[in-house]
Amino acid sequence: MKILVTGALGQLGRELRDALETSHPGMTVYAGHHDLDITDSAAVATFIRNGEFTHIVNCAAYTAVDRAESEPALCNRINSEAVKNLAVEAEKTGARMLHISTDYVFDGKSFRPYCESDKVNPVSTYGTSKRKGEMILLTMCPDAIIVRTSWLYSPHGSNFVRTMLRLGKERETLDVVYDQIGSPTYARDLAVAVCAILFSRKWHPGIYHFSNEGVCSWYDFAKSIHRIADIDSCRLRPILSEDFPSQAIRPHFSVFDKTLIKKTYGIRIPHWEDSLRECLARIATSEDSAPEAE
């Protein structure tokens, strides 16, 4: 078994490296954008054919949701056209492909958790590009697995948790929307789930939903971040989405039904607040161990 992980420098890519090298060291090649430009079909063909991979995990994505509205071509090139490049080579070489997608393929108008079979209706450039990627993959690689996730965070990179920690220390007040409801996803938990799929004795193609258990608003999430991190100098104020203008429309309801992935692969999913505590402890430890600036 030989695995290729694309998007290896992103949040999930970094957590997946930790998980894979802990459980199955030496079996995986980790490709960041400097190692492999997945929008270059010729480069993808050469890399995958020479690598003789049995599995491809595509964590690479254009995720700047607001900026995508002014960069639709680039967004589509990474989130849909590049998926085609990977799918073509996966099908030619017989490699099994697992692709990460998003809650943004839905419009957020549901009143119950989204199942995999629910009708999609993306309302942003980002969501539309990710849905195109899904359709391309399912058409070209019917044996592929797609895992949709939501509200991803980790100790790495740019994400809501790290932003709330930074702003909580910089500002006296902070406005956070309370009418967008979803389930945060700790990238380490998602990485563990991906590993469970890769190393199970069964490969069931199709779409699966994964996020941490429980639901909250962005405001509730921010309150928990500050409470656990002992940030009490910043007052959080709940506001409506319409009072926080942004370029992209965001789903008001992004809660997933995770029954299928739990039953199929026997995955146990932690509650979002338990995982948040673990992530914040890792961030605090890394800050404590960081060398002092000269």
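The values are calculated or read from the model by the stated rules, or taken from the named source; none is laboratory data. Please read these numbers as outputs of a predicted model, since none were measured by experiment. As a convention, Cβ positions derive from the backbone with ideal geometry for all residues, glycine included, and neighbour counts pool all protein chains shown. Side chains are part of the model used for accessible areas, which takes the heavy atoms of the whole protein and leaves out ligands, DNA and RNA. Shrake-Rupley method; radii C 1.70, N 1.55, O 1.52, S 1.80 Å.
Condition (residue is more than 21 Å from Ala191 (Cβ to Cβ) and not aromatic (Phe, Trp, Tyr)) applied to segment 15-27: is it met by at least one residue? Within segment 15-27, none of the residues are more than 21 Å from Ala191 (Cβ to Cβ) and not aromatic (Phe, Trp, Tyr). What do you reckon, is Ser286 in a helix (DSSP H, G or I) and buried (at least 18 other Cβ atoms within 10 Å of the Cβ)? No.
When Ile261, Ile207, Ile225, Ile197 are screened for being farther than 30 Å from Pro142 by Cβ and of a type outside the set (D, E, K, R), only Ile225 passes. The number of residues in segment 34-65 that are within 19 Å of Asn76 (Cα to Cα), without any contact (Cβ under 8 Å) to a residue 24 or more places away in the chain and over 23 Å from the mean Cα position of the chain (by Cα) comes to 2.
Of note, Ile249 does not satisfy the criterion of being in a helix (DSSP H, G or I) and either on the phi > 0 side of the Ramachandran plot or of a type in the set (Val, Ile, Thr) (or both). Cβ-Cβ contacts under 6 Å between residues 6 or more apart (or on different chains), taken from a first residue in segment 188-202 that is in contact (Cβ under 8 Å) with a residue 40 or more places away in the chain and open to solvent by 40 Å² or more (accessible area, probe 1.4 Å) to a second residue that is part of a helix (DSSP H, G or I) and not basic (Lys, Arg), are listed as Arg188/Glu15; Val192/Ala19.
Specify which of the listed residues (Asp220, Asp232) is assigned to a helix (DSSP H, G or I), open to solvent by 10 Å² or more (accessible area, probe 1.4 Å) and out of contact with any Lys or Arg (no Cβ under 9 Å at 6 or more places or on another chain). Answer to the check: Asp220.
Checking each residue in segment 235-248 for being open to solvent by 50 Å² or more (accessible area, probe 1.4 Å), out of contact with any Phe, Trp or Tyr (no Cβ under 7 Å at 6 or more places or on another chain) and in contact (Cβ under 8 Å) with a residue 24 or more places away in the chain picks out Arg235, Arg237, Leu240, Asp243, Phe244, Ser246, Gln247. If the condition is being in contact with an Asp or Glu (Cβ under 9 Å, 6 or more places away or on another chain), of a type in the set (A, V, I, L, M, F, W, C) and within 28 Å of Ser70 (Cβ to Cβ), then segment 97-153 contributes Val105, Phe106, Val120, Val123, Ile136, Ile146, Trp151.
Within segment 152-176, residues that are touching a residue at least 60 places away in the same chain (Cβ under 8 Å) and assigned to a helix (DSSP H, G or I) have Cβ atoms under 8 Å from residues that are among the hydroxyl-bearing types (Ser, Thr, Tyr) and open to solvent by 30 Å² or more (accessible area, probe 1.4 Å) in these pairs: Gly168/Ser233; Lys169/Ser233, counting only partners at least 6 apart in sequence or on another chain. Of the numbered criteria (1) part of a helix (DSSP H, G or I); (2) closer than 19 Å to Thr63 by Cβ, the one Glu89 fails is (2). All of (1) assigned to a helix (DSSP H, G or I); (2) open to solvent by less than 30 Å² (accessible area, probe 1.4 Å) hold for Ala64 with one exception: (1). Within segment 126-137, being touching a residue at least 12 places away in the same chain (Cβ under 8 Å) and hydrophobic (A, V, I, L, M, F, W, C) holds for Ile136, Leu137. Of the residues making up segment 229-245, those that are closer than 11 Å to Val176 by Cβ and in contact with a helix residue (DSSP H, G or I) (Cβ under 7 Å, 6 or more places away or on another chain) are Cys234, Leu236, Pro238. Ile239 passes every criterion in (1) more than 17 Å from the chain's Cα centre (by Cα); (2) closer than 26 Å to Asp118 by Cβ; (3) aliphatic (A, V, I, L, M) apart from (2).
When each of Ala31, Ala82 is tested for being without any contact (Cβ under 8 Å) to a residue 40 or more places away in the chain and either open to solvent by less than 20 Å² (accessible area, probe 1.4 Å) or within 22 Å of Ile136 (Cα to Cα) (or both), the lone residue that passes is Ala31.
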